[in-house]
Amino acid sequence: MTHWGATAGLSRGLLVAGAGLALAVLFGDAVLVVLMLPLALCGALGLLHRPRTEPRVHSRLAHLSLHEGQGTTSRLVLEDVGDVEAVTRVTGETPYVALRPAVGVTTGLIGPDGTVPDLHVSPRRWGRRVVGEERVGLVTPWAGYRWGPELISGQVMHVLPVTAPFDSRAEMPQPIGLVGAHRSRRVASGTEFSGIRPFQAGDRLRRVNWRVSLRVDVLHVVTTRAEEDSGVLIVVDALADYGISGGIDGEASSLDLTMRAAAALAEHHTRHGDRVGLRVVGAAGQAVGLGAGARHHRVILGTLAAVRPSVPTDPGGHRLNLRVSAGTVVMVLSPMLSDMLTTATAGLVRRGLPVMVIDTLPATTTPGARAGLRPELADLAWRMRRLERDNQLARLASTGCPVVPWRGPGTLDEVLRRLARRAQLPQVASR
């Protein structure tokens, strides 16, 4: 435990003042007395403010959950510091966390109300960050005694992925459920007009359109759309991270694009009343069931913030089961460099589900350097892997699964329209 101790300045001042006064008395030199009096006075004032209590210090973040690029304040809370005049805070560097002051060192006097200098922090990349770990030093008046520096542990901040710009005016291919903004393709009892057709056995009389029936002399009824919502499953590939992440201010890696695109899609569909679920393909295998509303969207963002790139330890993971129910629209966000995920996506397409692949591999991705591997060999291996990936995407597209790169607003409009038209076609089931 840290205790109060005399500063080097106080010790030197008292030592020099004592030696000078002793020499002045020994030699009867009044000049030495005049020279040593300021040092002796400062030392006496330093001894006069000797602290009697042990301080208690801890830091506190104003916000523990932020989006990328947002900022908060790290406040230092001091207790039993009646004899303290100044405080010094030294914060270590944390990856993807910007500080102000940039050097992470803050020094100032304690205010009359006990306030101390604040430190401003801003996370620059999604994930869980330990923020606020620092060393704190306290000094009494006249720099007589020093406490610390004491290591103060930081707090875990959940940094949510920022929502990439996205919007879509296309309807969901197969909406199911009870509510939602996207219109159903199925004709059933509802309130939204669909069309007018001749009367058939079983139609309700209250649906008869008398104006049309009298004009054509044949009974016609009004048809409506079913009041249904869409089930959207977002599949996130967290098997690996390709590229170098520069945070929100720099280049984006494949996992950065994936997380921000997933956050944008989840926000868009929950805002429109659709039920959204999440599956993370990785070692942890996080999953969020289908749900709607702002609270459910917050749960999805929190799950995305906890994702770490890792490979499942199960050797039988080549048969990936995404547990997708019928009628759910599946959006796979992945750089598609995993055979396991490609096989699972093709299996969903063969089941007749509306599936789309959103390619999140950055165009500027280059092979990473490995120890003992020549750069030209690494570049050749990466080009071969890209060719193999292109062949896999072509085979996937030939099965009827659209593959589109992530471009932000309007990325999925044309794809969703095609899937919606395909959903209206008669399906032939293989036995």
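The values are calculated or read from the model by the stated rules, or taken from the named source; none is laboratory data. What you are looking at is a predicted structure, and each value in this text was computed from that prediction instead of being measured. As a convention, Cβ positions derive from the backbone with ideal geometry for all residues, glycine included, and neighbour counts pool all protein chains shown.
Quick notes on this one:
Residue by residue, here is whether (1) in the same structural domain as residue 150 (by TED's automatic domain parsing); (2) small (Gly, Ala, Ser); (3) over 24 Å from the mean Cα position of the chain (by Cα) holds:
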| residue | (1), (2), (3) |
| --- | --- |
| 73 | yes, no, no |
| 80 | yes, no, yes |
| 84 | yes, no, yes |
| 87 | yes, no, yes |
| 90 | yes, no, yes |
| 102 | yes, yes, no |
| 109 | yes, no, yes |
| 122 | yes, yes, no |
| 129 | yes, no, no |
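- Sole exception among (1) in the same structural domain as residue 122 (by TED's automatic domain parsing); (2) modelled with pLDDT under 85; (3) of a type outside the set (Lys, Arg) for residue 30, by number: (1)
- Qualifying residue in the range 251-264 (condition: modelled with pLDDT of 85 or more, more than 17 Å from residue 127 (Cβ to Cβ) and not in a loop (DSSP other than H, G, I, E, B)): yes
- Within the range 33-63, the set of residues being out of contact with any Leu (no Cβ under 7 Å at 6 or more places or on another chain), β-branched (Val, Ile, Thr) and touching a residue at least 12 places away in the same chain (Cβ under 8 Å) comprises 53 only.
- Residues of the range 96-133 classified as surrounded by 21 or more Cβ atoms within 10 Å (Cβ to Cβ), part of a loop (DSSP other than H, G, I, E, B) and without any contact (Cβ under 8 Å) to a residue 40 or more places away in the chain, total: 0
- Any hit, the range 205-215, residues being of a type outside the set (A, V, I, L, M) and either surrounded by 19 or more Cβ atoms within 10 Å (Cβ to Cβ) or assigned to a strand (DSSP E or B) (or both): no
- Any hit, the range 404-420, residues being hydrophobic (A, V, I, L, M, F, W, C), assigned by TED's automatic domain parsing to the domain that holds residue 340 and modelled with pLDDT of 85 or more: yes
- Each residue in the range 82-95 was checked for being more than 29 Å from residue 54 (Cα to Cα) and either out of contact with any strand residue (DSSP E or B) (no Cβ under 9 Å at 6 or more places or on another chain) or buried (at least 16 other Cβ atoms within 10 Å of the Cβ) (or both), and 1 of them qualify.
- Filter result for the condition that a residue is more than 19 Å from residue 71 (Cβ to Cβ), surrounded by 15 or more Cβ atoms within 10 Å (Cβ to Cβ), among the small types (Gly, Ala, Ser) and at pLDDT 90 or above, over 148, 137: 137
- From the list 8, 62, the lone residue that is surrounded by fewer than 16 Cβ atoms within 10 Å (Cβ to Cβ) and outside the structural domain of residue 139 (by TED's automatic domain parsing) is 8.
- Unmet criterion (only one of (1) surrounded by 16 or more Cβ atoms within 10 Å (Cβ to Cβ); (2) more than 30 Å from residue 301 (Cβ to Cβ); (3) not hydrophobic (A, V, I, L, M, F, W, C)) for residue 67: (2)
- Test for residue 79: is it surrounded by 15 or more Cβ atoms within 10 Å (Cβ to Cβ) and not basic (Lys, Arg): no
- Boolean, residue 45 is in contact with a Gly (Cβ under 9 Å, 6 or more places away or on another chain) and surrounded by fewer than 17 Cβ atoms within 10 Å (Cβ to Cβ): yes
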